[in-house]
Amino acid sequence: MSLLQVKGLHAHYGKSHILHGIDMEVPEAAIVSLLGRNGSGRSTLLKAMMGLVPPTAGSVTLDGRTLSGQRPFDICRQGLGYVPEERLVFPNLTVEENLAIGVQKGAPGAHRWNIEEMYDYFPRLRERRGIRAGYLSGGEQQMLTICRSLLGNPRVLLIDEPTEGLAPRIVDVVMEVILDIGRRGVAVVLVEQKLTIALKVAQQVMVMGHGELVFLGTPEELDAAPDMRRNWLEVA
Ligand SMILES: Nc1ncnc2c1ncn2[C@@H]1O[C@H](COP(=O)(O)OP(=O)(O)OP(=O)(O)O)[C@@H](O)[C@H]1O
Ligand SMILES: [Mg+2]
């Protein structure tokens, strides 16, 4: 059985029907890239899994336990971590205080991270550990947001466009960190606009179109499907 299972998930914003019955499975330690054009519903899918947009039908289960219907905080405590698109730091707290706030016991069976490991991933954060997070650059705030989510010791980490707006050098670092997260047994669902990165890190690729999954396969299979890329990914 897969670690994370999503079945028949629907979500609405008011009367707008956004997710139309998503089925997806994430095996243990797998990195899954979730692709699609702007507005296809990728962020909404992550938010629906987290309970931030309560699903109107369907279920989300982690390790056989039903998460859908619970509050975001409880979902998080049971092992689903989330890095939102917008960087969420406490601007008046230092880098280290922001990290300390993220530390949670984590779900049983989860890899346990510590703050030193975060500094090893991103030495820039170690250099700036005593600085208030509000003074960090956008890229540094992004690193901090990722680290804070990792310190919650999730079984599965949902990451929404982590490399958006980052300098190419930092993009490579973030990519390496995502690969390392997978090597430590934590599954990742990655929403990533840069196709080369999405295909490089993932074992599995899903493409969304208009709130439905339109493709599920390996990066190689997507590479070999130019129609799929033309119809659902490339900007017309
Ligand atoms: N808070 C909201 N209220 C109403 N509609 C929303 C809201 N957030 C998103 N939508 C709509 O839901 C649809 C899916 O949006 P979503 O943010 O999930 O897309 P996405 O694939 O993440 O794309 P991108 O991040 O590039 O915008 C879009 O049509 C969007 O306009
Ligand atoms: Mg989005």
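Confirm whether GLN203 is surrounded by fewer than 20 Cβ atoms within 10 Å (Cβ to Cβ) and modelled with pLDDT of 95 or more. Walk me through it before giving the result.
Numbers: surrounded by fewer than 20 Cβ atoms within 10 Å (Cβ to Cβ): yes; modelled with pLDDT of 95 or more: yes.
When the stated conditions are applied, GLN203 passes them.
Kindly establish whether ASP160 is without any contact (Cβ under 8 Å) to a residue 60 or more places away in the chain and either surrounded by fewer than 21 Cβ atoms within 10 Å (Cβ to Cβ) or within 30 Å of LEU233 (Cα to Cα) (or both). Give the steps one after another, and end with the answer.
On the way: without any contact (Cβ under 8 Å) to a residue 60 or more places away in the chain: no; either surrounded by fewer than 21 Cβ atoms within 10 Å (Cβ to Cβ) or within 30 Å of LEU233 (Cα to Cα) (or both): yes.
So ASP160 fails the test.
Condition test on THR218, is it of a type in the set (S, T, N, Q) and open to solvent by less than 30 Å² (accessible area, probe 1.4 Å)? I'd like the intermediate steps shown before the answer.
Details: of a type in the set (S, T, N, Q): yes; open to solvent by less than 30 Å² (accessible area, probe 1.4 Å): no.
No; evaluated as a whole, the condition is false for this residue.
Scan segment 102-121 for residues that are surrounded by 13 or more Cβ atoms within 10 Å (Cβ to Cβ) and either more than 14 Å from ILE181 (Cα to Cα) or within 18 Å of the chain's Cα centre (by Cα) (or both) and report the count.
Residues meeting the conditions: 12.
Could you tell me which numbered condition SER149 fails, if it satisfies all but one of (1) open to solvent by 40 Å² or more (accessible area, probe 1.4 Å); (2) in contact with a Gly (Cβ under 6 Å, 6 or more places away or on another chain)?
With (1) open to solvent by 40 Å² or more (accessible area, probe 1.4 Å); (2) in contact with a Gly (Cβ under 6 Å, 6 or more places away or on another chain) applied to SER149, the lone miss is (1).
Only one of GLY21, GLY36, GLY64, GLY58 is on the phi > 0 side of the Ramachandran plot and within 16 Å of ligand 2 (Cβ to nearest atom). Can you tell me which? Show your work before the answer.
Numbers: GLY21 fails: within 16 Å of ligand 2 (Cβ to nearest atom); GLY64 fails: within 16 Å of ligand 2 (Cβ to nearest atom); GLY58 fails: within 16 Å of ligand 2 (Cβ to nearest atom).
Unique residue meeting the criteria: GLY36.
From the list GLY165, GLY138, GLY109, GLY134, which residue is within 30 Å of ASP74 (Cβ to Cβ) and modelled with pLDDT under 95? Steps first, answer last, please.
Numbers: GLY165 fails: within 30 Å of ASP74 (Cβ to Cβ); GLY138 fails: within 30 Å of ASP74 (Cβ to Cβ); GLY134 fails: modelled with pLDDT under 95.
Exactly one of GLY165, GLY138, GLY109, GLY134 is within 30 Å of ASP74 (Cβ to Cβ) and modelled with pLDDT under 95, namely GLY109.
The values are calculated or read from the model by the stated rules, or taken from the named source; none is laboratory data. For clarity, every value in this text was computed on a predicted model and none was experimentally measured. All Cβ positions, glycine included, derive from the backbone under ideal geometry; neighbour counts span all protein chains shown. The accessibility values were calculated without ligands, DNA or RNA, using every heavy atom of the protein model including side chains. Shrake-Rupley method; radii C 1.70, N 1.55, O 1.52, S 1.80 Å.
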